[in-house]
Amino acid sequence: MIRLRTKLWMFFLCMILLLYGVAYVLYNSSQQSVEEYNHQFNRFLLLNDVSQQTDQVLQRLNTYLGEKSPENQSSYQANRENLRQLQKRLVPEIEHQDNHIRLKSYSHMIGNFLKEADLAFNYSNLNDDAQSSYHYEQAVQLSRFILQTTQDLIDRELTQYYPFYADMVERNRHLQSMSTAIFISILLTAGLFTYGFAGGITRPIEQLAREAKQISRGNLDGDDIRVKSRDEIFYLAESFNRMRQRLKELIQEIKEKASLEKALQQQRVQNLEVQNLLKEMELKTLQNQIQPHFLFNTLNVISKQAYLEGAEQASGLIESVARMFRYNLKGMDRPVTLKEETGHVQHYFAIQTARFRERVGLSIEVEESCLPHMIPVLTLQPLVENAFIHGVEDCEAGAVIRVRVYRDESDVVVEVEDNGKGMDADTVRRLLHPESEGGTQTSGHSTGLGVQNVLKRLRLFYGREEIVQIESEPGKGTQIRLSLPYTVASEGGG
């Protein structure tokens, strides 16, 4: 089996190699033309440099003969050396069969020019002005011959350059036409391959989609899907055909069993109703028999036993449940301190942490000065429970619930915040004003005390209506903010 990915990679590599080959050929041809052009151009530059350096040597010599200074001497010698180096380059770079004799004579002429210039220079240093002037005149005449010969060589080079330039233009035009034709051919080949390759994939998939629609409508009598290529599409079609055949068999089995199951269904429903009634009665009987104190005492025993057996986490969890049961037995009319209430919330957090683990982050921040503050029992835990149930319970990760208690002048501010799914404005109004909005009580899982119940008890306890603010937006979480008048229990009070 050749996978679709393998086919695509093979096509991609072939296209890359083909494009690379074409680009390599075009680059080499272009590079060759550039090198030939540079070589021809450098021949002109070399002849021009010889002419200019000859003139500069003569000028520097004339200047030195007029004023024998170290600077003039250094300038003359530097230009003379440059001309000597250019003379050495003539034969390797310019000579060919058509200018061999003339170029050889041209090189000798430059050598004689340098020789006469050196004689004029040396006789001038010996203060023999007559000999110095004679050799200077000889150098002047040779410089004229060099200039004429240079022009003649340039003219001959230009005569050969015109056919070369025309040939280079023709080759470039041919390369452009060839590259255009090659790229068009590559595009056509790639387009045809893509069309055929895509058709080989899309046609079976379209047929699969049509047959799937027929199956969704209950029609299982279509023809089998046939795929010629041995790739993933082939095995997908084979699996689809087997699935449809198996569905036919299953439907036939269901039809054969339907009549029997239909007869048994009614009897089964009746039996379930009787069993549910019996279970409800049994549960109510057991609930009436269970003594709460016996229950949390038993949990304490189980917690100690788990700790002794090394199950410290289970022991801590059982102890938290027992403490919550004991706390819930307190009278609803008796206030407690924020220290007790936040301790109860921490036990609740411990239980929920064991349940949610890393899915939900929990934090409690309480200022030390707020711990003696009196608050109705079971105030914070229902709010936190509401945040779990209606805010973050469905979150897969990243959920956070924060409880923050701090002083704000004469009030104690309690904030319960989550980053869950939030509430719209109508839901917030129903929570704050259930009597006018006709809202229903929302209850938790463990205490049965809804948010509205908690708010009503707080208003009655503190005698103040403006005690709560709720900020929430769908998808951005919820913050419940309680502003409670600071109250501390009297000496010896409970």
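The selection criterion, being more than 23 Å from residue 86 (Cα to Cα) and modelled with pLDDT of 80 or more, holds for residue 180.
Could you list all residues from the stretch 88-104 that are touching a residue at least 40 places away in the same chain (Cβ under 8 Å) and either surrounded by 13 or more Cβ atoms within 10 Å (Cβ to Cβ) or over 19 Å from residue 148 (Cβ atoms) (or both)?
Hits for the stretch 88-104 are 89, 90, 93, 94, 99, 102, 103.
Among the residues of the stretch 383-394, are any over 40 Å from the mean Cα position of the chain (by Cα), surrounded by fewer than 21 Cβ atoms within 10 Å (Cβ to Cβ) and among the acidic types (Asp, Glu)? Within the stretch 383-394 (the criterion being over 40 Å from the mean Cα position of the chain (by Cα), surrounded by fewer than 21 Cβ atoms within 10 Å (Cβ to Cβ) and among the acidic types (Asp, Glu)), the answer is no, since none of the residues qualifies.
Inside the stretch 170-189, can you point out the residues that are polar (S, T, N, Q), in contact (Cβ under 8 Å) with a residue 24 or more places away in the chain and either under 15 Å from residue 20 (Cα atoms) or touching a strand residue (DSSP E or B) at 6+ places or on another chain (Cβ under 9 Å) (or both)? Reasoning before the result, please.
Pass one, the stretch 170-189, residues polar (S, T, N, Q): 172, 176-177, 179-180, 185, 189.
Then keep just the ones that are in contact (Cβ under 8 Å) with a residue 24 or more places away in the chain; that gives 172, 179.
Scanning the stretch 170-189 gives a single hit, 179.
For the stretch 112-164, filtered to residues that are among the aromatic types (Phe, Trp, Tyr) and free of Cβ contacts under 8 Å to residues at least 40 places away in the same chain, the residue that is surrounded by the most Cβ atoms within 10 Å (Cβ to Cβ) is 123.
Are any of the residues in the stretch 37-58 over 24 Å from residue 141 (Cβ atoms) and either basic (Lys, Arg) or not assigned by TED's automatic domain parsing to the domain that holds residue 119 (or both)? The answer is yes; a qualifying residue exists. Only one entry in 447, 442 is at pLDDT below 80, part of a loop (DSSP other than H, G, I, E, B), more than 19 Å from residue 478 (Cα to Cα) and of a type in the set (S, T, N, Q), namely 447.
Can you tell which of 225, 251 is at pLDDT 75 or above, out of contact with any Ser or Thr (no Cβ under 8 Å at 6 or more places or on another chain) and either assigned to a helix (DSSP H, G or I) or not assigned by TED's automatic domain parsing to the domain that holds residue 15 (or both)?
Values: 225 fails: at pLDDT 75 or above.
The conditions single out 251.
Residues considered: 77, 85. Of these, the only one that is at pLDDT 85 or above and either surrounded by 17 or more Cβ atoms within 10 Å (Cβ to Cβ) or farther than 17 Å from residue 47 by Cα (or both) is 77. One residue is enough: does the stretch 95-111 have a residue meeting the conditions modelled with pLDDT under 85, outside any helix (DSSP H, G or I) and among the polar types (S, T, N, Q)? Within the stretch 95-111, one or more residues are modelled with pLDDT under 85, outside any helix (DSSP H, G or I) and among the polar types (S, T, N, Q).
So is residue 409 closer than 21 Å to residue 335 by Cα, surrounded by fewer than 20 Cβ atoms within 10 Å (Cβ to Cβ) and at pLDDT below 85 or not? Considered against the rule, which asks whether it is closer than 21 Å to residue 335 by Cα, surrounded by fewer than 20 Cβ atoms within 10 Å (Cβ to Cβ) and at pLDDT below 85, residue 409 comes out as no.
Listed by first and then second residue, the pairs with beta-carbon distance under 6 Å, at least 6 apart or on different chains, first residue in the stretch 59-74 and in contact (Cβ under 8 Å) with a residue 24 or more places away in the chain, second aromatic (Phe, Trp, Tyr), are 61/76; 64/76.
Of the residues making up the stretch 61-74, those that are surrounded by fewer than 15 Cβ atoms within 10 Å (Cβ to Cβ) and either in a helix (DSSP H, G or I) or outside the structural domain of residue 135 (by TED's automatic domain parsing) (or both) are 66, 70, 71, 74.
The values are calculated or read from the model by the stated rules, or taken from the named source; none is laboratory data. Remember, it's a predicted structure, so these values are computed and weren't measured experimentally. Every residue, glycine as well, gets a Cβ built from its backbone with ideal geometry; the counts of neighbours run over all protein chains shown.
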